[in-house]
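To start, the structure under review is shown below, and the notes come after it.
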Amino acid sequence: MAKKRYAYFQGCSLEGTAVEYDKSMRVVFDALGVDYVEPEDWSCCGSTPAHTVDHVFAAALAARNLSIIENMGLDVVTTNCPSCLMAFKKAQYSMENDGTFKEKVNELLDEKYNCGVYAKSSLQVLYEDVGLEAIKNRVTHIIHDMKAAPYYGCIMNRPPKIAQFDDPENPTSMDRIISALGIEVCDFAFKLECCGAAFGVPKRKMVNELSKKVIAMAVDAGANCIIVACPLCQQNLDLRQEQINQTTGSNFNIPVIYFTQLMGLAFGYTPKELGLDKLIVSADHFARSRITKQEYLEREKAKEQEKKAKKEVKKQETGEEENP
Amino acid sequence: MRVGVFICHCGNNIAGTVDVKAVAEEIRKIPGVAHATTYMYTCSEPGQDEIKEAIKKYNLNRIVVAACSPRMHELTFRRTIEKAGLNKYYFEMANIREHISWVGENKEANTKKAIDVITMAVAKVMQDKPLFSSSFKINKRVLVIGGGVAGMQAALDCGDGGLEVVLVEKSPSVGGMMSRLDKTFPTIDCSICILGPKMVDVAQHEKIKLYAYSEIEDIKGYVGNYQIKIRKKATYVDWTKCTGCGACMEKCPSRNAYDYFNFGVAPTRAINIPFPQAIPKKAKIDPNYCRQFTKGKCGVCAKICPTKAINYEMQDEIVTEDVGAIIVASGYSLLDIERLPEYGGGRFPDVISGIQYERLLNASGPTAGHILRPSDNTEPKTVVFVACAGSRDKSIGVPYCSNFCCMYIAKQAILTKDHIPDSQSYVFYMDIRSPGKGYDEFTRRAQEDYGVKYIRGRVSRIYPKGKKMVVRGADTLLGTQVEVEADLVVLGTAVLSNPDAARLAEKLHISYDTFGFYVESHPKLRPVETNTSGVFLAGACQGPKDIPASVGQGSAAASKVLALFSKDMLESDPAVAKVNINKCVGCLKCVRTCPFQAIKENQLRDGRIVADVIETVCAGCGVCTSTCPCGAIQLQHFTDNQILAEVNALCQG
Ligand SMILES: Cc1cc2nc3c(=O)[nH]c(=O)nc-3n(C[C@H](O)[C@H](O)[C@H](O)COP(=O)(O)OP(=O)(O)OC[C@H]3O[C@@H](n4cnc5c(N)ncnc54)[C@H](O)[C@@H]3O)c2cc1C
Ligand code: SF4
Ligand code: SF4
């Protein structure tokens with residue numbers, strides 16, 4: 001069977017504030033042999049500003065891209081940004097289920113869209129199509145001192161009717177990928193809490209407070225790193241972390257990295273290759289402290305043996321006590 | 001042939017959108033119609049009298065009433081013309097209300113349609129044949145399905161009325177949901193103290209035969225003569241020997257069995273007696289947990305039992321009972337808290353359901369009546385109750401109100417204060433529904449005397465923070481978001497029908513609504529009857545209902561059965577299928593399609609095989625008539641000729 005080819009929709013954030021997400025995803029896709037091509041002449045996905053004003057117009061913006069992809073003969077588009085993802089999924093859902101809506105959208109397009117392209121987040125592609133087993137096998141380095149809080153953000157899995165992926169209230173796909181990398185995952189209650197999203201511009205204070213809650217919960221849960229899958233979440237938690245500290249009197253210093261960057265680190269890539277230098281709160285120490293899988297396994301083995309030996313000693317001691 | 005047609009105004013119900021006078025004029029022109037008139041309320045006494053007088057005056061021999069649905073008044077008018085000396089099947093009803101005046105606004109179109117419909121009825125009535133009922137003996141025993149408070153009330157009332165009662169209960173003990181409750185609103189009297197004596201009465205009543213841990217396998221027959229197959233499920237304990245001493249339960253090494261009675265608040269043993277007041281108080285093995293079944297070895301209880309009651313080889317047993325009427329009182333079930341993931345149902349041990357909390361409050365529950373939260377067995381100081389957890393929520397598939405959660409939440413909040421005086425309870429609610437006698441006073445008492453804080457708004461999320469559960473919701477009266485840090489959260493979960501409700505309904509041939517609750521014959525006037533004669537409803541199987549309403553319905557259903565059984569003979573409906581043996585080729589297709597097993601094979605004297613309808617069993621559904629390749633089987637009162645006459649009348653009009 002020919003290898004599945006995905007259309008990769010980069011989206012505007014990934015060209016700007018989140019280049020490191022784009023960079024690291026490409027590294028990880030290549031490392032795992034995921035075949036992807038980019039549509040030419042892609043345009044705005046129709047997210048936030050458009051869909052708050054006009055649903056047909058927003059869907060048309062999304063469908064324009066989908067129709068380009070359809071004409072490339074591809075049926076799955078993958079994207080990193082949850083906003084792009086939901087813009088595509090919503091357009092697809094509404095057009096598939098409502099004939100008049102579809103007509104209205106198509107009226108605005110040069111090239112009619114026939115609803116043949118399904119959107120999947122890069123997380124979903126890695127989790128479902130590549131699979132945990134393949135990810136596990138590709139791991140070369142273990143970040144043994146990381147305690148990760150997986151933060152999905154509010155829109156990736158919701159509403160479930162449209163998202164059709166993972167659990168809308170307690171998603172676990174990213175948790176499982178992190179575990180597959182051999183990294184400890186914290187029990188984090190605010191996986192889906194709102195970070196404040198794009199309100200950072202009009203209502204900075206509110207966003208600072210909301211993001212603070214997320215970080216505080218992660219720290220409370222014992223995490224020393226927050227793993228994200230959304231450019232906007234990353235920006236609010238990382239870029240604004242200092243702002244949060246200043247406005248709310250907190251004192252956070254916790255790296256916020258993309259799950260693809262984390263995968264890259266576990267696959268042995270350099271911080272530079274993964275755009276780790278783009279982070280505001282540095283995560284470089286995790287790159288330095290990682291050890292090779294082999295070393296890790298040896299360490300674990302040694303620990304195991306030490307435990308056994310201790311048990312043995314204890315047994316002998318208590319045994320001696322029993323028969324003086 | 002002299003047909004009389006009576007067209008009803010039904011006040012303004014019909015006359016408002018149908019020109020009844022014009023209709024009468026048009027109908028009068030039909031050949032064979034000797035008299036056509038209109039009347040304000042045909043079903044009233046003077047209305048019926050007018051029909052009787054007209055029959056004499058105009059020498060009428062066929063009657064059509066154009067009014068409401070035949071489900072409403074067909075029987076009434078049949079009786080009227082019978083009193084006037086006509087065969088009661090020389091009667092047709094044309095439905096010009098539900099089918100015309102109530103659904104169409106265009107008077108002209110309505111009038112035309114009414115003329116069509118009545119013309120059809122006139123054509124049919126001219127083809128009608130006189131039919132005669134035969135009568136048959138009633139078996140004056142009654143089956144009660146479900147031994148909750150409604151079923152027990154019905155059984156006791158029937159028994160006290162002198163009827164023999166067969167009571168079938170699915171679980172190992174009677175008592176239903178009420179036996180799990182601690183106290184009951186609005187009087188805060190102890191649930192088991194008022195229920196226990198009823199349970200004992202059921203066990204000791206000489207007229208009541210109790211099948212516990214049994215289910216209905218199959219129902220055959222018709223009102224007056226049902227044959228019931230009952231499956232007695234294997235308990236692996238010989239109940240004739242078991243004394244209920246409980247020695248087995250103490251010694252059973254399988255300590256992690258799911259406790260159905262306590263809704264999983266704590267585990268139980270693989271062999272158990274569900275609760276101290278259980279009736280019957282007998283032990284039962286759960287083979288999903290018993291080591292003898294899961295691992296093939298153990299046998300501890302068999303060794304320990306002083307009366308040698310344990311029998312691992314026991315099989316289900318099928319028994320048959322004959323009865324004449326059935327009361328269904330199979331109760332309800334509750335929404336699984338796992339269906340509420342935003343509240344962490346099933347994920348966080350300190351988020352529990354109302355019924356689980358009831359068990360924590362109960363002196364014979366797993367915590368001996370001390371409120372201890374599941375995660376760490378400590379006493380909670382802040383308890384949050386969430387009303388409408390799943391109810392009135394279309395996304396859950398429960399658009400309806402669960403009826404009694406508002407009330408039991410107020411009760412549980414009061415009891416919390418009684419148990420833990422320095423505790424504080426909060427209730428998140430949409431609106432407080434407390435319309436019963438003394439109910440509103442009760443919910444006020446919770447707020448005013450017990451200091452329960454009521455917050456009007458929905459909870460959006462519950463999440464753990466250290467040892468606390470943070471309940472976040474809206475306070476819609478203050479217009480703010482609120483967060484309450486709770487030690488324990490109790491969800492007032494939605495009331496659902498039983499998972500097997502539809503299956504039971506199909507066995508009984510009764511209808512159920514979209515949600516699986518059984519449908520009464522009339523929502524106001526026939527609340528405990530069903531549309532299947534001989535089958536009655538009681539309690540929460542018909543819809544969410546509290547104890548007073550369930551008990552009331554139990555007694556009502558019993559009185560209906562007693563009234564039915566006050567006669568010795570019942571009249572059969574002659575509108576049933578009939579085989580023309582001259583046309584029948586004996587293929588017996590009808591025997592296989594009849595859903596009521598009402599057709600049997602019959603050998604004629606010349607050896608020829610034909611089909612034969614058992615008149616009393618036939619429900620008159622007509623399935624056989626469309627199956628028969630020869631047109632040999634005809635439904636009386638709905639024969640091919642009668643229906644074709646209607647079609648012809650319509651097409652010619
Ligand atoms: C947490 C909680 C607290 C409550 N507190 C109060 C209160 O304080 N006051 C009050 O008035 N009401 C209260 N209620 C409501 C009360 O439980 C019901 O009103 C009452 O139990 C209804 O009785 P029932 O007999 O109709 O149904 P159930 O109690 O459900 O009994 C039905 C019986 O039928 C059996 N059954 C089911 N299916 C079958 C079958 N197919 N074949 C044979 N048997 C079957 C069941 O095992 C059960 O024994 C409370 C409910 C809850 C959940
Ligand atoms: S089975 Fe035996 S031990 Fe168990 S309750 Fe019955 S009599 Fe007692
Ligand atoms: S289907 Fe008709 S022909 Fe066949 S057995 Fe029944 S009545 Fe007779």
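The values are calculated or read from the model by the stated rules, or taken from the named source; none is laboratory data. The structure presented is a predicted model; accordingly, all values stated were derived computationally and were not measured. Methodologically, a virtual Cβ is constructed for each residue, glycine included, from the backbone with ideal geometry; neighbour enumeration extends over all protein chains shown.
Annotations
- Contact annotation: residue pairs with Cβ atoms under 8 Å, 6 or more positions apart or on different chains, pairing a residue in the range A:277-299 that is under 18 Å from residue A:140 (Cβ atoms) with a partner that is charged (D, E, K, R), are A:286/A:145; A:289/A:145; A:291/A:299.
For every residue, the table says whether it meets (1) farther than 19 Å from residue B:154 by Cβ; (2) at pLDDT below 95; (3) within 14 Å of the chain's Cα centre (by Cα).
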position	(1), (2), (3)
B:525	yes, yes, no
B:543	no, no, yes
B:555	no, no, no
B:559	no, no, no
B:562	no, no, no
B:601	yes, yes, no
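- Residue check, residue B:345 within 14 Å of chain A (Cβ to nearest Cβ), more than 16 Å from ligand 3 (Cβ to nearest atom), closer than 27 Å to residue B:540 by Cα and touching a helix residue (DSSP H, G or I) at 6+ places or on another chain (Cβ under 8 Å): yes
- Only one of B:591, B:579, B:617, B:610 that is more than 12 Å from ligand 3 (Cβ to nearest atom), β-branched (Val, Ile, Thr) and touching a strand residue (DSSP E or B) at 6+ places or on another chain (Cβ under 6 Å): B:617
- Taking the criterion of being among the charged types (D, E, K, R) and in a strand (DSSP E or B), the residues of the range B:457-474 that qualify are B:461, B:465, B:468, B:472.
- The single residue among B:448, B:483, B:506 that is among the acidic types (Asp, Glu) and either within 14 Å of chain A (Cβ to nearest Cβ) or in contact (Cβ under 8 Å) with a residue 40 or more places away in the chain (or both) turns out to be B:483.
- Screening B:183, B:220, B:232 for residues that are closer than 27 Å to residue B:138 by Cα, in contact with a strand residue (DSSP E or B) (Cβ under 9 Å, 6 or more places away or on another chain) and within 16 Å of ligand 1 (Cβ to nearest atom) leaves exactly one candidate, B:232.
- Qualifying residue in the range B:286-307 (condition: free of Cβ contacts under 8 Å to residues at least 60 places away in the same chain, at negative phi and within 16 Å of ligand 1 (Cβ to nearest atom)): yes
- Of the strands (runs of 3 or more DSSP E) lying entirely inside the range B:1-112, those containing at least 3 residues that are among the β-branched types (Val, Ile, Thr) span B:3-8, B:33-39, B:62-67.
- Those helices (runs of 4 or more DSSP H) lying entirely in the range A:128-227 with at least 2 residues modelled with pLDDT of 95 or more and either closer than 20 Å to residue A:256 by Cα or more than 13 Å from every other protein chain (Cβ to nearest Cβ) (or both): A:132-138, A:173-180, A:204-220
- Residue B:211, sole failed condition from (1) outside the structural domain of residue B:305 (by TED's automatic domain parsing); (2) buried (at least 17 other Cβ atoms within 10 Å of the Cβ); (3) away from ligand 1 (no atom under 16 Å from the Cβ): (3)
- Residue-level analysis places residue B:474 outside the set of residues that are closer than 18 Å to residue B:337 by Cβ, away from chain A (no Cβ under 14 Å), modelled with pLDDT of 95 or more and touching a Ser or Thr at 6+ places or on another chain (Cβ under 8 Å).
- Test for residue B:130: is it in contact (Cβ under 8 Å) with a residue 12 or more places away in the chain and closer than 20 Å to residue B:529 by Cβ: no
- Within the option set B:81, B:55, being touching a residue at least 40 places away in the same chain (Cβ under 8 Å) and buried (at least 16 other Cβ atoms within 10 Å of the Cβ) holds for one residue only, B:55.
- Residue among B:375, B:434, B:402 that alone is among the small types (Gly, Ala, Ser), closer than 23 Å to residue B:342 by Cα and buried (at least 17 other Cβ atoms within 10 Å of the Cβ): B:402
- Filter result for residue B:541 (touching a strand residue (DSSP E or B) at 6+ places or on another chain (Cβ under 6 Å), in the same structural domain as residue B:507 (by TED's automatic domain parsing) and not in a loop (DSSP other than H, G, I, E, B)): yes
- Considering (1) away from ligand 1 (no atom under 14 Å from the Cβ); (2) farther than 30 Å from residue B:142 by Cβ; (3) under 28 Å from the mean Cα position of the chain (by Cα), the lone condition that residue B:335 does not fulfil carries the number (1).
- The set of residues from the range B:370-396 being over 18 Å from residue B:460 (Cα atoms) and either among the charged types (D, E, K, R) or in contact (Cβ under 8 Å) with a residue 12 or more places away in the chain (or both) comprises B:370, B:371, B:372, B:373, B:374, B:375, B:376, B:378, B:379, B:380, B:381, B:382.
- For the condition under 22 Å from residue B:218 (Cβ atoms), free of Cβ contacts under 8 Å to residues at least 60 places away in the same chain and either away from chain A (no Cβ under 14 Å) or within 16 Å of ligand 2 (Cβ to nearest atom) (or both), residue B:591 qualifies.
- Output for the range A:191-220, where each listed residue is in contact with a helix residue (DSSP H, G or I) (Cβ under 7 Å, 6 or more places away or on another chain), basic (Lys, Arg) and closer than 28 Å to residue A:172 by Cβ: A:212
- When we screen A:197, A:163, A:216 for residues that are in contact (Cβ under 8 Å) with a residue 24 or more places away in the chain and either buried (at least 23 other Cβ atoms within 10 Å of the Cβ) or more than 21 Å from residue A:119 (Cβ to Cβ) (or both), the only hit is A:216.
- Total residues in the range B:440-456, condition touching a Phe, Trp or Tyr at 6+ places or on another chain (Cβ under 7 Å) and in a helix (DSSP H, G or I): 2
- Pair list, Cβ under 7 Å, 6 or more apart: the range B:13-35 residue farther than 19 Å from residue B:57 by Cα and in the same structural domain as residue B:101 (by TED's automatic domain parsing), other residue at pLDDT below 95 and surrounded by fewer than 22 Cβ atoms within 10 Å (Cβ to Cβ): B:17/B:104; B:17/B:105
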